[in-house]
Amino acid sequence: MVNQIWNHPLYQKELGKLQILEKHRKFCRHTPEHFLDVARLAYIEALEQAYPVSKEMIYCTALLHDIGRARQYEDGTPHDEAGALIAEQILNELGFYRDEIMAIVSAIRGHRAQSDQSILGKLIYTADKKSRNCFSCKAEPECYWSPQKKNMTIQY
């Protein structure tokens with residue numbers, strides 16, 4: 001199902017817009033590499049903690065977690081809200097089960113402030129933050145993230 005999400009026309013449309021809108025962004029970009037970094041970090045954490053979350057659910061959620069970014073740039077809709085709507089449409093069209101859709105959408109809605117207390121939500125929230133390499137970023141001094149939030153050491 002991960003590759004079906006990747007190949008979905010709406011996903012590709014939103015990803016294409018995002019890549020254009022962030023082409024000259026000097027801060028962290030929301031790229032397929034970022035989505036997969038989040039997936040891998042979340043999956044490693046799930047394995048280490050023996051959490052009962054499937055690899056596929058983690059990868060599907062990570063692939064979709066920032067897909068609403070283009071809409072945030074375009075009309076100001078917070079990307080977690082926009083992403084949840086986009087994800088729900090894609091997942092419904094791909095025939096995901098209702099409980100899977102609800103879990104993924106909830107994790108996307110909660111990935112910015114860890115408001116989703118599910119295991120999947122916590123995994124995506126933590127991996128999203130750990131995936132950023134502030135310690136080696138040239139734009140770090142200008143970044144809006146608070147010093148407490150920045151990864152000034154390698155996160156593992």
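The values are calculated or read from the model by the stated rules, or taken from the named source; none is laboratory data. The structure presented is a predicted model; accordingly, all values stated were derived computationally and were not measured. As a convention, Cβ positions derive from the backbone with ideal geometry for all residues, glycine included, and neighbour counts pool all protein chains shown. Just so you know, the surface numbers come from the protein's heavy atoms only, side chains and all, with ligands and any DNA or RNA stripped out. Shrake-Rupley method; radii C 1.70, N 1.55, O 1.52, S 1.80 Å.
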Worksheet entry | Size of charge dipole - the chain - debye, nearest 20, with Cβ of Lys, Arg +1 and Asp, Glu -1, no other charges | 540
Worksheet entry | Answer label for Kirkwood radius over Cα pairs in Å (calculated), chosen among [x] 17.2; [y] 16.3; [z] 15.7 | [z]
Discussion item. Under the rule of at least 5 residues apart or a separate chain, name every residue whose amide H is placed under 5 Å from the amide H of Gly68.
Written reply: Gly83
Item to complete: Determine the gain in length on full extension of the stretch Asn133-Lys26; use 0.36 nm per residue of separation and subtract their C-alpha separation, reporting nm with one decimal.
Response: 37.2 nm
Worksheet item: Ordering Met152, Met1, Met57 from largest to smallest accessible area (1.4 angstrom probe), what's the sequence?
Response: Met152, Met1, Met57
Discussion item. For a quick check of your reading of the filter: which chymotrypsin sites (Phe, Trp or Tyr not before Pro) in the range 92-139 sit in a DSSP loop and have no more than 15 other Cβ atoms within 10 Å?
Written reply: Tyr97
Worksheet entry | Difference of contour (0.36 nm per residue) and Cα-Cα distance, Gln155 to Ala50 | 35.8 nm
Practice prompt. Using a 1.4 Å probe and counting only protein heavy atoms, arrange Ser131, Ser146 so the residue with the most accessible area comes first.
Written response: Ser146, Ser131
Worksheet item: Taking the Cα-to-Cβ direction at Gln89 and at Thr77 and moving 7 Å from each Cα, how far apart do the two end points lie in nm?
Response: 0.7
Worksheet item: So how many Lys-Lys pairs in the range 1-139 land under 22 Å Cα to Cα, not counting same-chain pairs under 8 apart?
Response: 13
Worksheet item: Of the accessible area of the range 1-76, with the probe set at 1.4 angstrom, what percent is carbon plus sulfur?
Response: 53
Worksheet item: Excluding ligands, DNA and RNA, what is the solvent-accessible area per residue of the chain at a probe of 1.4 Å, expressed in Å²?
Response: 55
Worksheet entry | Accessible-area order (highest first, 1.4 angstrom probe) of the listed residues Asp37, Asp66 | Asp37, Asp66
Practice prompt. Determine how large the accessible area of Lys130 is when every protein chain is in place; take a 1.4 Å probe and give Å² rounded to the nearest 10.
Written response: 60
Fill in: Using θ = phi - 60° and Karplus 6.51 cos²θ - 1.76 cosθ + 1.60, couplings along the range 58-71 (whole Hz; Gly, Pro as x)
5, 5, 4, 5, 4, 4, 9, 4, 10, 5, x, 4, 4, 5
Fill in: Residue of Ala87, Ala39, Ala50 that the Gaussian network model of the chain assigns the largest fluctuation, springs spanning Cα pairs under 10 Å
Ala50
Worksheet entry | Label-reachable residues, the range 58-91, where backbone N falls under 19 Å from a point 7 Å from Met102's Cα toward its Cβ | 58, 61, 84-91
